[in-house]
Amino acid sequence: MTLRIEDYGIVGDLQTAALVGRDGSIDWMCLPRFDSPACFAALLGDETHGSWRLGPEQGGECTRRGYRDGTLVLETEWDLPEGRVRVIDLMPPRGEQADLVRIVEGVHGTVTVTTELRLRFDYGHVVPWVTEEGAALRAVAGPDSVRLDTPVRMVHDGVADGSVLRARFTVGPGERVPFVLTHHASHLPTKEPVDADEALTETEDFWRSWVAGSTYSGPWAEAVHRSLITLKALTYAPTGAITAAVTTSLPEDIGGSRNWDYRYCWLRDAAFTLQALVGTGFLDEARAWRAWLLRAVAGDPADLQIMYGLDGRRRLPEYTIGWLPGYEGSAPVRIGNDAVGQLQLDVWGETLEALHLAREAGLETDPEAWQLQRALLDHLEEHWGDLDNGLWEVRGPQRAFVHSRVLAWVGFDRAVRAVEEGGLTGEPVERWRAARDRIHAEVCTHGFDPVRNTFTQFYGSDGLDAALLLIGQVGFLPWDDPRVIGTVEAVQRELGQDGLLRRYDTDADDRVDGLPGDESTFLVCNFWLVDALHGVGRRDEAVALFERLLTLRNDLGLLSEEYDVTAGRQLGNVPQAFSHLGLVNSALRLSQGVTVRDEEAGVAAGAPLTGGAVAEAAAQPRVATANTRRNASGVP
């Protein structure tokens, strides 16, 4: 039976990750990287497409599970009439090769345990050739080689049974049986596997040492630290990139076609990522992310993309896999993402905002970075008025999206402030200021509905967009402006579903996204609503919504992309970086007791608080007040 999305936990080694179900089955893992072909793909099909179940012989879902405190080491336990058994799953931070370690531990009584390992390379399509290599087993297919080391006698059922490795054994109190699965390129010699117990100790030490660097000590420390660990697990360590999710094609609508590959890096995440990392004291990670960002966007500003590969790769061609039926029959299964070729004007603003935040946070400046930003501004100056596909990568007609223009305003505003407040040189600063003012006036004229007192999704539209909640957050208008307050109220009213928000109305007459089907409430938009409610002075409502959102996490503290309020389940790719970034940033704002962009907190509008400022603000809580700062252009 297919498990729900929230029935999965994650273990990872900072280059790839595995999804572990409540039944002890690993149903998704790509090797050697997040964006490599999967060797376990049962998540998008069934066990014949690759899986590794390890648990009691009678099967079934576990009695309890959880991460060891402050780590990404997962423990899963089953209580049975004959005793209790525990499975410990982990991936030690990557050395020369990827290692997946599973340890079966007897707690009390004597329990019979079984395991079935089905390796299927190329997303469940290729059955490897399995041979014995001393006491180990080796599976090879094309460029990939996987070695399994365990003291348990594994039985290879051969190609006739689809090449399944099986074992049956018992564990008593205190007995431990390790399994180590090691991946390496098939043309290279096999290396000795890691010692399972040493790997467990080293992995625990790594995660606890890392999360101890957090400066957050507010009322939601458990949730924030679990989200930070999750975000760290989504980091591709060799480059500093953060993947949007570890999965592809988990549906936004069960049985529908809104299934996308999220194993890449989106520029739209840049500013939110820096806010979360800097705001919780992880400056090294912030520097690595900024460095990835600068490498990825280097080149002709006209060629700026909305997303890149983990190493900055530009070409991410989209194709479908016909042999995988999709999660609960949600087809097609997509690899790659054609949205990479879309025009989304907000990414210029997002990039400029992210680099502005890095400056405000005190990260070391790079003269070449400022030259790159000036080139981006030159391009934006000529093209900010173009029609585009918008933040949500709609596959319908291009429009004059309000959010895109607001972020163009952000780009020019941050450049002006870099010169006026940061001492950087910028000969065309008067042109930047003029462009900023033109955009502001145009958006307020053509992107605002005075009858309903709300900004709209695009010029001439009756529809709304949850991204409009960011208008106050980026400083386009102050939080106490009636237009901002009206927009917050309208978005709540028109995009709300059982108290949660969709990102836009997929049933609107204009079918803005050009896609069939529907989708559920979008989690990061709800964290934006938390921020907006807090910004306009409705703190109690903000806290109540935030705490409700925490209940939507699974039992391991993980969030996917969306939540179906009718079915009461998570949907979309998982774990979703955007959702966890929203959680961390909202917790920072609520914990401070003031808006993050409130100048009274000692930080220039538009910048996150640094770790020290967060600690100072948390130590001196104040009553939330609306931010009365006018937009930097002075336009009311």
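For residues in the stretch 110-137 being in a strand (DSSP E or B) and over 22 Å from Asp89 (Cβ atoms), which is nearest to the chain's Cα centre (by Cα)? The residue in question is Val126. Cβ separations smaller than 6 Å between residues 6+ apart or across chains give the following pairs from the stretch 1-18 residues that are modelled with pLDDT under 95 to residues that are surrounded by fewer than 24 Cβ atoms within 10 Å (Cβ to Cβ) and not in a strand (DSSP E or B): Thr2/Glu328. Apart from one condition, Gly134 fits all of (1) surrounded by fewer than 18 Cβ atoms within 10 Å (Cβ to Cβ); (2) among the small types (Gly, Ala, Ser); (3) in contact (Cβ under 8 Å) with a residue 12 or more places away in the chain; the exception is (3).
Residues checked against (1) among the small types (Gly, Ala, Ser); (2) in contact with a helix residue (DSSP H, G or I) (Cβ under 6 Å, 6 or more places away or on another chain); (3) at pLDDT 95 or above:
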position	(1), (2), (3)
Ser404	yes, yes, yes
Val416	no, yes, yes
Leu464	no, yes, yes
Glu489	no, no, yes
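For the stretch 85-95, the criterion of being farther than 21 Å from Thr182 by Cβ, in the same structural domain as Gly172 (by TED's automatic domain parsing) and out of contact with any Cys (no Cβ under 6 Å at 6 or more places or on another chain) is satisfied by at least one residue. Residues in the stretch 374-424 that are farther than 19 Å from Ile471 by Cβ and of a type in the set (Phe, Trp, Tyr): there are none. Considering only residues that are small (Gly, Ala, Ser), touching a Ser or Thr at 6+ places or on another chain (Cβ under 8 Å) and not in a loop (DSSP other than H, G, I, E, B), look in the stretch 162-206 and name the one that is farthest from Gly59 (Cα to Cα). Checking each candidate, the answer is Ala185.
Check whether at least one residue in the stretch 87-108 is surrounded by fewer than 20 Cβ atoms within 10 Å (Cβ to Cβ), without any contact (Cβ under 8 Å) to a residue 40 or more places away in the chain, in contact with a helix residue (DSSP H, G or I) (Cβ under 9 Å, 6 or more places away or on another chain) and not polar (S, T, N, Q), and report yes or no. No.
Considering Ala434, Ala490, Ala408, Ala418, the condition of being under 24 Å from Leu545 (Cα atoms) and aliphatic (A, V, I, L, M) is satisfied by Ala490 alone. Taking into account only those residues within the stretch 246-256 that are in contact with a strand residue (DSSP E or B) (Cβ under 9 Å, 6 or more places away or on another chain) and not polar (S, T, N, Q), which is nearest to Asp311 (Cα to Cα)? The extreme case among them is Val246.
How many residues does the stretch 1-39 hold that are assigned to a strand (DSSP E or B) and of a type in the set (S, T, N, Q)? Please lay out each step first, then the result.
Going residue by residue through the stretch 1-39, those that are assigned to a strand (DSSP E or B) are 8-12, 17-21, 25-30, 38-39.
Next cut, of a type in the set (S, T, N, Q) only: 25.
Residues meeting the conditions: 1.
Among residues of the stretch 533-570 being in contact with a Gly (Cβ under 6 Å, 6 or more places away or on another chain) and of a type outside the set (D, E, K, R), the one that is surrounded by the most Cβ atoms within 10 Å (Cβ to Cβ) is Gly535.
The values are calculated or read from the model by the stated rules, or taken from the named source; none is laboratory data. Predicted model only: the values in this text are computed from it and were never measured. All Cβ positions, even for glycine, are placed from backbone atoms using ideal geometry, and neighbour counts span all protein chains on display.
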